[in-house]
1. Under the definition of Cα pairs under 8 Å and six or more residues apart, what whole-number percent is the relative contact order of region 269-364?
2. Please give the Cα centre distance for region 128-196 versus region 66-86, rounded to the nearest Å.
3. Considering Cα pairs under 8 angstrom that are at least six residues apart, work out the relative contact order of the chain and quote it in whole percent.
4. Tell me, what ³J(HN,Hα) does each residue in region 286-291 have, in order and in whole Hz, if you take phi through Karplus 6.51 cos²θ - 1.76 cosθ + 1.60 with θ = phi - 60° and put x for Gly and Pro?
5. Which of THR352, LEU66, ALA252 sits farthest toward the positive end of the charge dipole of the chain, with +1 on the Cβ of Lys and Arg and -1 on the Cβ of Asp and Glu?
6. For LYS119, give me every one of the lysines with a C-alpha distance below 16 angstrom, ignoring sequence neighbours fewer than eight places off in its own chain.
7. For an R0 of 41 angstrom, estimate the FRET efficiency from the Cβ-Cβ distance between TRP319 and GLN181 and round to the nearest 0.05.
8. If you take every residue apart from SER314 with its C-beta less than 11 Å away from the C-beta of SER314, what net charge results, scoring Lys and Arg +1 and Asp and Glu -1?
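Bear in mind that the values in this text are calculations on the coordinates, not laboratory data. Worth saying up front: this structure is predicted, and the values here are computed from it rather than measured. Every residue, glycine as well, gets a Cβ built from its backbone with ideal geometry; the counts of neighbours run over all protein chains shown.
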Amino acid sequence: MSEMKEMIIESATKIMEKFSTKEVVNESENGLWGGELWDRLAEYGMLSVGVAEELGGSGGDYEDALGILRLAGKYSAPIPLAETFMVNWLLADHGVEISNKILTIACKKEMEPFIFQKKSEGWLVTGRAKHVPFARFADSMLVMGETAQGPILALLDLEQAQIIQGKNMSGEARDQVIFNQVYLKDCKIIVINRDEIEKKVLYCGALIRCVMMAGALERILEITIDHSNERAQFGRPIHRFQAVQHHIAALAGETAAASLAADYAVHFFDKDPFSKEIALAKIRVNEAAGKGNTIAHQVLAAIGFTYEHTLHHSTRRLWSWRDEYGTEFDWEDVLTEELLTLEKDDLWTLVTGVKNSSTKAGIK
């Protein structure tokens, strides 16, 4: 880890520990905004990491930003930090200056087509998006839409939108956003290649959820170990029992596997935003989430399900996030399609990343 990244992670950890507490997370599930956490991250320039300074960003690279998101997952941060990063990165890719506003994004799977009709100096917008993260708190939402000239990306001001509030399993805001012939004068419009942007959103979203889930699993492991050290049965701590030791060892293994898969995907993201490592990571992290949640709740028993405990903050988010930006089955389909298009003798290269040189060596 570089010295700069170490400083970023240390600062972000302190902010998360102080402003993403059990009370803040519980209040967010009752509809309150985690404003102090957001404002402090903005103050330290952590909302625009991974975007060049000339475009209004804080500099740094994707790895720095994803390290912050890992902590957001670990501390169940109740803010659209992931969505804001993604929107800013997409805007920066097209040379558009970004900001520290609260941003969110509508995914193709969860929205009806957004139609843009040119009117005077602005646009008349009609469309509907479902399950939009934190839309009720956001200033703007990025959508893919259609104009007479073709597909576009548009950053829509949500002040005039109709928002129907909803939640996912973890209590995070997942709202429905409706534009019905809304006139927007100041609206960023970017002409795009639709297939490329849809693919980039899918892969970037999957990577973001991978690192956040890896962080949540780290938190679950910490909680489970602490509980097993503190909880006593039959006159001794439960971590002394072989069955509990077996559970904790299995949980540690799943956590380590998820962490390594997420790290590997992050490493390749800057080189190739559509790398197979992201697909593999989402599959493996999803699997670890399913197994890890089961183990943690077995060790903590009924206590882990109570509102007063914090375990459910992480486990419910894992159950929710594993379905966002592709389940393991969706990503297995993606890998299968890639396998079916391989040339002869390319399977080794796909699996290992090492180019097959047997032909050059005269081996048949």
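1. It rounds to 28 percent for region 269-364.
2. About 20 Å separates the Cα centre of region 128-196 from the one of region 66-86.
3. The normalised contact order for the chain reaches 14 percent.
4. 4, 4, 5, 4, x, 6
5. Positive-most Cα among the choices belongs to ALA252.
6. LYS185, LYS188
7. 0.60
8. +2
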